[in-house]
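*Asks:* Dropping the structure in here first, questions after.
The values are calculated or read from the model by the stated rules, or taken from the named source; none is laboratory data. As the structure is a computational prediction, the values presented were derived from the model and not from experiment. Cβ coordinates were reconstructed from backbone atoms using ideal geometry, including for glycine residues, and neighbour counts include every protein chain displayed. Please note that ligands, DNA and RNA were not included when accessible areas were found on the heavy atoms of the full protein model with its side chains. Shrake-Rupley method; radii C 1.70, N 1.55, O 1.52, S 1.80 Å.
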Amino acid sequence: MTWSKALKDTVRTGLTVERTKLQPLVAVRGAAGVAIVIGVVLWLATPTLAVSSAFGAFASALVTFQRSWRPRPVLALAVAAGLAISTFLGYMAAADHLVFAVLLAVWTLLAGMAWAVGPVSGMVATQTVAVMLITVTLPTSVAGALLHAGIIVCAGVVQASLIVLFPIRPWGLQRDALADALAAEADYARRLRHDPVARFDAQPLMDARSAAELTPRQARNRPRQLGGPRGVAERLRPVLASLADPVVGAPAEGPERDHVRDLLAAAATVLDAVARSIRWGRPVRLPPEVMAVLEGAESGSMLTGPARRSALRLIALLADAVEATDEPVKEAPPANGDRPPKPAKGSFKGSLKGALKGSTNSREKEPYRHLLRPTVPRLVPVGLRALRREARWSSAIGRHAVRVAAVSLAGYALGSALPLGHGYWAPMTSVMVMRPDFGQTYSRGVARFVGTLVGVFVGGLVMALAHPGPWVCAALAVVCIGLMYLLMRTGYSVASACIAAYVVFLLGIAGEGWSQTVEERVILTLLGGLLAMAAYALFPAWETPKLRDRLADWLAANGRYSLAVLDAFARPADRKPRRVREALLDARAARQAWDDAVARAQREPVRHRGISRSAERGAEAALATMGRTAMLMEAHLPDRDAAPSKEAEDFAAALRAALPEAVAAVRARRDLDWSGPLQAYAAWQARVGDEGVAVRAAELLVDALDELAGVLSRGPGGRNRARRK
């Protein structure tokens with residue numbers, strides 16, 4: 001992508017305003033916290049202290065809008081503590097420009113590294129840098145520093161108290177994450193009716209898993225609805241895929257395929273009903289037509305072989321999903337308005353609680369216990385390990401930390417040298433817009449400048465026409481911050497406009513002239529945005545050259561997943577469900593890392609080095625097929641008392657031997673050699689033919705490996721090069 005096209009894309013992205021679901025009650029609660037803090041401090045103290053307290057109340061509420069699974073009061077208190085520490089240190093060092101510059105560089109470097117812990121930690125750390133920059137204009141003394149820091153802590157306590165006293169949809173994020181996962185499964189089932197090899201985006205399942213990580217206190221209070229359905233959703237995906245697949249499931253055409261389509265449609269309806277029940281805490285409502293399809297599949301004999309086993313397993317899992325909601329099941333009235341017949345005792349329609357337990361095979365269910373999330377004190381060693389992992393020159397996070405520290409110092413120096421007040425606005429803008437990747441940094445820079453123009457124009461116009469006093473300015477600032485909380489998810493340009501007007505009115509509380517404020521804000525915001533963009537252009541951390549490494553990581557993770565499943569077929573008595581589960585999670589994380597890397601690389605003004613776009617798409621398709629094949633085998637894992645498979649063991653040994661060299665070859669741009677696994681598969685097929693799910697899935701696996709070798713081959717006619725060997 002050329003620089004001109006990359007800049008056009010980032011400008012378009014930065015100025016995009018999206019339609020999204022608003023949270024008015026949450027926005028009102030956050031704005032009320034800001035109003036309480038500003039009003040009390042303005043009443044009891046000075047306008048300067050009111051402005052200082054406003055930043056603490058604003059940031060403490062802002063962090064509660066981030067996508068984090070931790071309790072909202074804890075987040076508000078944590079950000080208030082961070083702001084208080086940075087404010088105190090900034091006050092103590094502000095008297096000496098050199099000391100403050102050193103403190104700013106170190107603090108900004110650590111804030112940049114905080115992105116290694118997670119996006120919420122990075123955002124909180126960025127807020128602490130912004131507050132530290134603001135303190136350079138305020139009085140410096142130990143007593144004053146302690147006073148301002150204490151007021152910021154009190155502002156965080158006010159926001160946390162409002163969250164506790166006025167809870168709005170408790171566990172709402174966790175409910176939405178689990179409901180989204182089940183809705184994604186329902187959509188997957190519908191797409192499988194028409195495309196038996198449809199792709200499934202595992203991100204909703206990953207979000208549901210993250211939402212299920214609880215602190216010990218959360219685990220004691222979690223609603224029962226948020227427990228079992230996640231495990232059912234995880235087990236449903238391979239069952240749905242194996243039922244629809246024409247290789248290991250029903251034939252591609254014929255009565256069995258029609259029956260599978262009906263069963264998939266019924267499963268989608270059930271999953272949507274369960275998702276709605278979890279999201280809103282309402283009873284599960286199932287149409288009688290769906291009940292009839294599920295009962296017919298459970299009692300009939302339309303399907304045979306692996307397809308029937310998958311169908312019975314699917315019905316049992318659907319019953320488990322409905323039972324796990326802990327809500328009453330209501331049958332929706334039929335379309336013609338007739339009263340449905342009374343359900344038979346023990347049927348799917350009548351009970352759904354254990355009615356189809358006999359349909360499951362004899363293998364034990366994998367335990368899906370709730371996952372423990374470390375408490376805030378125990379998060380410290382986790383964060384230190386993440387910092388050590390990213391503290392290297394080749395890391396995007398490490399380079400971002402160095403970049404943002406250098407830019408903050410340059411912006412602080414330029415802002416101090418210019419004959420303008422509020423010079424800290426330049427480095428503060430740079431810190432707020434800079435992110436570890438190119439696309440976000442440039443799009444946020446454009447959005448910040450345009451939003452600031454709009455915000456200072458509106459705020460300045462109101463100040464010029466109305467000449468409001470301190471209390472009216474405080475009320476207008478609260479209105480602006482309430483709008484920001486309400487509209488912040490629509491786009492960064494909208495949020496920037498609200499913040500700019502908010503700052504104009506806050507400075508109006510302190511009695512500063514609005515005309516000078518408008519001019520300074522626009523010029524310094526433009527300067528800070530240009531510094532951030534120039535820094536990324538001069539000291540980039542491009543994702544494009546790393547695509548081969550991401551691809552190799554995905555191949556390694558898929559290989560471990562395939563080997564874990566093959567080992568279960570080779571030695572059923574020794575199979576370990578947790579090993580298969582952990583390998584699946586690693587493969588899923590590697591796939592997500594690849595998707596994120598490709599999305600970032602597509603927005604970078606860098607020529608593709610190491611892998612072409614066509615090879616990138618072909619390799620992605622091949623590895624997606626490889627992971628899907630392992631998932632199909634996972635859906636038909638043998639019982640522990642099943643006979644071992646010597647052929648599966650030989651094939652797994654050959655794949656295990658070839659995998660490390662193949663991963664290294666992908667990184668080093670060498671041709672892949674899958675001759676060992678291909679020979680082992682040929683011997684396996686010669687012994688048993690095409691009988692059995694494992695050998696049929698192994699054929700899909702070697703085809704995927706052959707396809708990967710072909711698209712990454714450097715020579716002419718690379719496709720099927722590995723098979724010819």
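*Asks:* Using the Cα centre as the reference, give the magnitude of the dipole from point charges on the C-beta atoms of the chain (Lys, Arg: +1; Asp, Glu: -1; all else neutral), rounded to the nearest 20 debye.
*Replies:* Roughly 560 debye, rounded to the nearest 20.
*Asks:* Taking the alpha-carbon distance from residue 8 and a cut-off under 13 Å, which aspartates and glutamates remain once sequence neighbours fewer than 8 residues away in the same chain are dropped?
*Replies:* 604
*Asks:* Any idea what the dipole of region 168-247 comes to, in debye rounded to 20, about its Cα centre with Lys/Arg Cβ at +1 and Asp/Glu Cβ at -1?
*Replies:* 420 debye
*Asks:* Round to the nearest 0.05 the FRET efficiency obtained for residue 549 and residue 409 when R0 = 30 Å and r is the Cβ-Cβ distance.
*Replies:* Calculated transfer efficiency: 0.40.
*Asks:* Right, next: How about region 17-51: which trypsin sites (Lys or Arg not before Pro) there are in a DSSP loop, with at most 13 other Cβ atoms within 10 Å of their Cβ?
*Replies:* Passing sites in region 17-51 are 19, 21.
*Asks:* Sticking with this one: In the chain, carbon and sulfur make up what percent of the accessible area (probe 1.4 Å)?
*Replies:* The C+S portion of the solvent-accessible surface of the chain is 61 percent.
*Asks:* Next question. If R₀ is 30 angstrom, what is the calculated FRET efficiency for the pair residue 582 and residue 388, using the beta carbon separation as r and rounding to 0.05?
*Replies:* Calculated value: 0.85.
*Asks:* Any idea which of 467, 648, 210 is furthest toward the positive side of the dipole for the chain, if Lys and Arg beta-carbons carry +1 and Asp and Glu beta-carbons -1?
*Replies:* It is 648.
*Asks:* Using the Cβ atoms and a cut-off under 9 Å, what net charge is assigned to the surroundings of residue 604, where Lys and Arg are +1 and Asp and Glu are -1?
*Replies:* Computed value for this residue: 0.
*Asks:* Still on this model: Find the all-direction average of the projected area of the Cα convex hull for region 451-563, expressing the result in square nanometres with one decimal place.
*Replies:* Seen from a random direction, the Cα hull of region 451-563 projects 10.6 nm² on average.
*Asks:* Go through region 133-210 and name the trypsin sites (Lys or Arg not before Pro) that are in a DSSP coil and have 14 or fewer other Cβ atoms within 10 Å of their Cβ.
*Replies:* Qualifying residues, ordered by number: 199.
*Asks:* Sticking with this one: Which aspartates and glutamates does residue 21 reach when only Cα atoms under 18 Å apart count, and residues fewer than 8 places away in its own chain are ignored?
*Replies:* 176, 180
*Asks:* At residue 165 and residue 40, where each label point lies 7 Å from the Cα along Cα→Cβ, what is the point-to-point distance in nanometres?
*Replies:* It works out to 0.9 nm between the two label points.
*Asks:* I'd like to know which of 536, 451, 129 lies farthest towards the positive end of the charge dipole of the chain, counting +1 on Cβ of Lys and Arg and -1 on Cβ of Asp and Glu.
*Replies:* Working it through, the farthest residue towards the positive pole turns out to be 129.
*Asks:* For the chain, which longest stretch is free of loop sites, where a loop site is one of the GluC sites (Glu not before Pro) that DSSP puts outside H, G, I, E and B and that has at most 11 other Cβ atoms within 10 Å?
*Replies:* The segment 365-690 is the longest one with no such site.
*Asks:* Based solely on its DSSP helices, what 222 nm [θ] is calculated for the chain when runs of n ≥ 4 H residues each add -39,500 (n - 2.57) and the sum is averaged over all residues, nearest 500 deg cm²/dmol?
*Replies:* The helix contribution divided over the chain gives -23500 deg cm²/dmol.
*Asks:* Put a dot 7 Å past each Cα toward the Cβ at residue 457 and residue 213; how far apart are the dots in nm?
*Replies:* 4.4 nm
*Asks:* Give me P(r) over the chain, computed from all C-alpha to C-alpha distances, binned every 20 Å, as integer percentages.
*Replies:* The distribution over the chain is 15, 41, 32, 11, 0, given as percents.
*Asks:* A follow-up question, please. I'd like to check one number: the per residue accessible area of the chain, probe 1.4 Å, reported in Å² as a whole number.
*Replies:* Spelled out: the 1.4 Å probe surface of the chain, per residue, equals 42 Å².
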